[in-house]
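In what follows, a structure is listed as structure tokens, so that the remarks can point back to it.
The values are calculated or read from the model by the stated rules, or taken from the named source; none is laboratory data. Keep in mind the model is a prediction, meaning the values are calculated, not measured. Using ideal geometry, Cβ is built from the backbone for each residue, glycine included, and neighbour counts are taken over all protein chains shown.
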Amino acid sequence: MEGDAELQDLYREVLLDYFRSSTRKGKCDPADLRAHGINPVCGDELEITAELKDGKVAKLRYAGHGCVISQASAAMMAEALEGADVPKAKALVAAFKKLMLENAPVSGLPPELEQLASLEGVRKFPLRVKCATLGWNTVMQGFEAVKS
């Protein structure tokens, strides 16, 4: 089972790299989409902002604080959704939530979400699933609030 340990180490490094990344941290101003989410269980808090142009997520940023899982997942989300048209972005959110909440196989993830395989192990810890899905739930609230 040495391969399993190596894979876990790789996933841990992927999460830490995204956690440390500041590439998509911050806020869009002006923002066409703005949503705020809190995970009271562990104190994670995120504000998601986005610029929408021509039916696409032109720019997506996240700001806030939280654990490695919530921050890394938000960074991965911002990377995956930026540039996607809104229906595709919503489909990617649904695919990620299916992975986390319904134990969908990682092999079924769209290519845009391949990095999120590093969060697969989180599914074993239901309280941590809320950390991983915070940004995704928050951005979906933002999409629902935007006038189409």
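When the residues of segment 129-148 are filtered to those that are out of contact with any strand residue (DSSP E or B) (no Cβ under 8 Å at 6 or more places or on another chain) and surrounded by 20 or more Cβ atoms within 10 Å (Cβ to Cβ), which remaining residue is farthest from Asp32 (Cα to Cα)?
Checked segment 129-148; the qualifying residue farthest from Asp32 (Cα to Cα) is Ala132.
Conditions: (1) hydrophobic (A, V, I, L, M, F, W, C); (2) within 20 Å of Leu15 (Cβ to Cβ); (3) part of a helix (DSSP H, G or I). Ala104 meets all but one. Number of the miss?
(3)
Among the residues of segment 107-123, write down those that are under 24 Å from Gly142 (Cα atoms) and either charged (D, E, K, R) or assigned to a helix (DSSP H, G or I) (or both). If you could, list the steps in order and put the result at the bottom.
Of the residues in segment 107-123, the ones under 24 Å from Gly142 (Cα atoms) are 109-116, 119.
Listed by number, the residues that qualify are Pro111, Glu112, Leu113, Glu114, Gln115, Leu116, Leu119.
Residue check: is Lys97 in a helix (DSSP H, G or I) and not polar (S, T, N, Q)?
On the way: in a helix (DSSP H, G or I): yes; not polar (S, T, N, Q): yes.
So Lys97 passes the test.
Taking Pro87 as meeting all but one of (1) in a helix (DSSP H, G or I); (2) surrounded by 14 or more Cβ atoms within 10 Å (Cβ to Cβ); (3) modelled with pLDDT of 90 or more, write down the number of the exception.
(2)
Which pairs do you get when a residue that is within 16 Å of Asp17 (Cβ to Cβ) and in contact (Cβ under 8 Å) with a residue 12 or more places away in the chain, found in segment 100-122, comes within reach of a residue that is outside any helix (DSSP H, G or I) and not basic (Lys, Arg), reach meaning Cβ atoms under 7 angstrom, with the pair 6+ apart or on two chains?
From residues that are within 16 Å of Asp17 (Cβ to Cβ) and in contact (Cβ under 8 Å) with a residue 12 or more places away in the chain, the pairs are Leu116/Leu109; Ala117/Leu109.
Quick check on my filter: what residues within segment 45-69 are modelled with pLDDT under 95 and surrounded by 16 or more Cβ atoms within 10 Å (Cβ to Cβ)?
Selection gives Gly66, Cys67, Ile69.
Can you tell me which residue among Glu120, Glu112, Glu102, Glu79 is modelled with pLDDT under 90 and of a type in the set (D, E, K, R)? Please lay out each step first, then the result.
Details: Glu112 fails: modelled with pLDDT under 90; Glu102 fails: modelled with pLDDT under 90; Glu79 fails: modelled with pLDDT under 90.
Going through Glu120, Glu112, Glu102, Glu79 in turn, the sole match is Glu120.
Cβ contacts < 7 Å: first residue among the charged types (D, E, K, R), restricted to segment 125-145; second residue crowded, with 20+ Cβ neighbours inside 10 Å and in a helix (DSSP H, G or I), any location; separation 6+ or different chain. Result?
Arg128/Ile69; Arg128/Val122
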